[in-house]
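Heads up: the structure comes next, in structure tokens.
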Amino acid sequence: MLHEYVLCHYGEIALKGKNRNFFEKHLIENIKKQFETFCPASHEYVKKMSGGILIKLNKKGTENEATIKDALMHTFGIANFSFATSVPQDIETIKKYCWNLIKHTSVVDFPTFRVTTQRSNKKFPMTSEEIDRVVGGHIYENFKRKFPVSMKNAAIECKIFILNDFALISLEKIAGLGGLPVGTGNKALALLSGGFDSPVAAWQVLKRGVQLRYVHFHSVPYTSKASIEKVVALKNELKKFGSATKLYLVPFADVQKEIIMKTPEKFRVILYRRMMMRIAENLAKRQKCLALITGDSIGQVASQTLENILTVSDATTLPIFRPLIGLDKEEIMQKAKAIGTFDISILPHDDCCTRLMPKKPETRSRLHEVLEAESLLDVEAITKQALTKVELV
């Protein structure tokens with residue numbers, strides 16, 4: 001059965017008060033962009049309706065329902081959506097269509113059902129409750145076996161929407177990602193390493209409506225290009241969720257050489273990270289980004305103890321957001337599988353920070369000791385030199 005419409009409902013956006021229109025406009029624009037990415041020229045319009053967004057599919061859209069579903073399941077801001085068919089605003093037609101829809105569903109042995117009506121056209125001669133009773137009664141009487149109606153936790157729900165010019169009927173409600181439309185929360189710069197953590201952290205921030213730029217630090221030619229190839233693939237995977245695709249590649253080997261030659265071995269990784277934050281801050285400010293994003297999780301590696309996180313954070317004036325801070329590795333990997341980055345992240349690569357790792361890295365750093373070690377470096381010159389070698393993908 002072909003569906004001509006999709007009804008998208010949001011959750012958090014409904015609580016935005018006077019700013020709600022701003023979020024709705026962004027969501028509509030993002031839906032249009034997602035359609036162009038997943039299934040170009042597949043809709044006639046995307047517009048506001050009472051309590052949500054209404055999409056009118058054209059012939060190409062109705063014939064590619066799975067692709068449309070995929071596009072909407074990658075769109076932040078949608079709490080749930082339903083494919084729907086239009087019928088005339090006549091109660092007899094609505095009754096017959098709803099019964100026919102349920103009769104032909106694969107769920108023929110469900111224990112309970114319900115009918116729910118939303119009536120935005122107040123000129124329709126019946127109230128929502130009256131429509132529920134009439135249509136629900138019709139379905140109930142036509143079953144050979146009698147199934148109980150359940151207003152709570154029904155196994156199947158027939159939804160009726162009485163709009164201005166026609167009625168829409170849907171049977172399946174599909175869960176969306178929720179969150180806020182990407183672009184409503186300004187911009188941030190996410191550090192992508194190629195591992196499991198950083199793309200999941202980026203995804204979590206995209207869900208809050210923040211548009212992202214990306215930066216990756218590598219040690220090519222002293223390591224292979226595998227990490228760069230992985231990060232490009234991860235960036236493209238995150239693009240499916242409405243993210244931008246701007247990626248900065250920073251050659252980091254010369255910075256590491258300076259740190260290795262001039263500073264105590266135990267502070268090596270912390271000083272790597274502090275230099276990364278300085279370089280990332282410069283790139284972020286060029287793009288008017290308001291924060292940095294990392295995949296840090298407390299205690300996961302030596303540089304992510306609370307003491308070392310504090311020491312690293314001191315190197316930048318921008319806030320550093322760490323959305324995975326309280327998650328363990330298994331939780332992060334499960335999320336990576338859910339969002340589609342796991343199969344890319346699991347591929348082998350050389351990490352620039354694990355290159356030339358100290359035998360006993362400092363896990364409980366004291367800021368004054370690290371600053372003393374860092375004073376042996378010409379931090380400003382090293383930062384400027386690194387920024388001249390940045391490549392924009």
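The values are calculated or read from the model by the stated rules, or taken from the named source; none is laboratory data. Just so it is clear, the structure is predicted and the values come from calculations on it, not from any experiment. Here Cβ is always computed from backbone atoms with ideal geometry, including for glycine, and neighbour counts include all displayed protein chains.
What the table below lists for this structure:
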quantity	calculated
Pair list, Cβ < 7 Å and 6+ apart or interchain, from the range 207-231 residues that are surrounded by fewer than 18 Cβ atoms within 10 Å (Cβ to Cβ) to residues that are modelled with pLDDT of 95 or more and not aliphatic (A, V, I, L, M)	208/179; 208/185; 220/251
Test: residue in the range 39-59 that is surrounded by 14 or more Cβ atoms within 10 Å (Cβ to Cβ), part of a helix (DSSP H, G or I) and assigned by TED's automatic domain parsing to the domain that holds residue 125	no
Failed item in (1) in a helix (DSSP H, G or I); (2) exposed (fewer than 14 other Cβ atoms within 10 Å of the Cβ), with residue 69 passing the rest	(2)
Matching entry among 387, 376 (being assigned to a helix (DSSP H, G or I), modelled with pLDDT of 95 or more and not small (Gly, Ala, Ser))	387
Residues (in contact (Cβ under 8 Å) with a residue 12 or more places away in the chain and more than 16 Å from the chain's Cα centre (by Cα)) located in the range 1-22	1, 2, 3, 4, 5, 6, 7, 8, 9, 14, 22
Hits in the range 320-351 (condition: under 21 Å from the mean Cα position of the chain (by Cα) and in a loop (DSSP other than H, G, I, E, B))	322, 323, 324, 325, 326, 327, 328, 340, 341, 346
Selected residue [under 30 Å from residue 282 (Cβ atoms) and at pLDDT below 95] from 198, 193	193
Residue check for residue 332: within 25 Å of residue 372 (Cβ to Cβ) and modelled with pLDDT of 95 or more	no
Selection status of residue 299, at positive phi and either under 27 Å from the mean Cα position of the chain (by Cα) or among the polar types (S, T, N, Q) (or both)	yes
Checking residue 75 against (1) part of a loop (DSSP other than H, G, I, E, B); (2) in contact with a helix residue (DSSP H, G or I) (Cβ under 7 Å, 6 or more places away or on another chain); (3) without any contact (Cβ under 8 Å) to a residue 24 or more places away in the chain, the condition it does not meet	(3)
Qualifying residues in the range 277-300 (those that are outside any loop (DSSP other than H, G, I, E, B) and β-branched (Val, Ile, Thr)) - the one surrounded by the most Cβ atoms within 10 Å (Cβ to Cβ)	293
Where residue 274 falls short, out of the listed (1) buried (at least 18 other Cβ atoms within 10 Å of the Cβ); (2) in contact (Cβ under 8 Å) with a residue 60 or more places away in the chain; (3) more than 24 Å from residue 303 (Cα to Cα)	(3)
